[in-house]
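Here is the structure we will look at, set down as structure tokens.
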């Protein structure tokens, strides 16, 4: 253990400048995910909901039932409320352009997430 600590202490002065140099290069090139990720300017709830749709884990009733958080997977329209149904085919919540356009995160997608999706998923 003492040998490992000695090695770490002797290498540390060389690692920090290297790490800073690599991070600086990646930042300047726009390759760090937190500097080039779109949507960071969105409100936290909207950004979080967008990420859930991107991961296929939106809080639709089919998922909520699977996770033990809802009694029924049924949508208010009577169909099974899956993510694809919620975005693509439900007459109450359909996003014009479907899931692919929603995941692009344009202004229409943000408006839909903040209004229609938030209200429907809160039920």
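Please specify each residue of the stretch 83-94 satisfying the condition of being surrounded by 19 or more Cβ atoms within 10 Å (Cβ to Cβ), under 20 Å from the mean Cα position of the chain (by Cα) and outside any helix (DSSP H, G or I). Hit for the stretch 83-94 is 93, nothing else. If I filter the stretch 56-70 down to residues being within 18 Å of the chain's Cα centre (by Cα) and not in a loop (DSSP other than H, G, I, E, B), which single residue comes out as farthest from residue 100 (Cα to Cα)? Across the stretch 56-70, the extreme among qualifying residues is 64. Any residue that is part of a loop (DSSP other than H, G, I, E, B), modelled with pLDDT of 90 or more and surrounded by fewer than 13 Cβ atoms within 10 Å (Cβ to Cβ) - is there at least one of those in the stretch 95-111? Yes, there is a match, as at least one residue in the stretch 95-111 is part of a loop (DSSP other than H, G, I, E, B), modelled with pLDDT of 90 or more and surrounded by fewer than 13 Cβ atoms within 10 Å (Cβ to Cβ).
Flag: residue 31 does not match the condition of being part of a loop (DSSP other than H, G, I, E, B), modelled with pLDDT under 90 and within 21 Å of residue 120 (Cβ to Cβ). The single condition from (1) more than 15 Å from residue 116 (Cα to Cα); (2) in contact with a helix residue (DSSP H, G or I) (Cβ under 7 Å, 6 or more places away or on another chain); (3) surrounded by 14 or more Cβ atoms within 10 Å (Cβ to Cβ) that residue 62 fails is (2).
The values are calculated or read from the model by the stated rules, or taken from the named source; none is laboratory data. Because the structure is a prediction, the values reported are computed rather than measured. Positions of Cβ are generated from backbone atoms using ideal geometry, with glycine treated the same way; all protein chains shown enter the neighbour counts.
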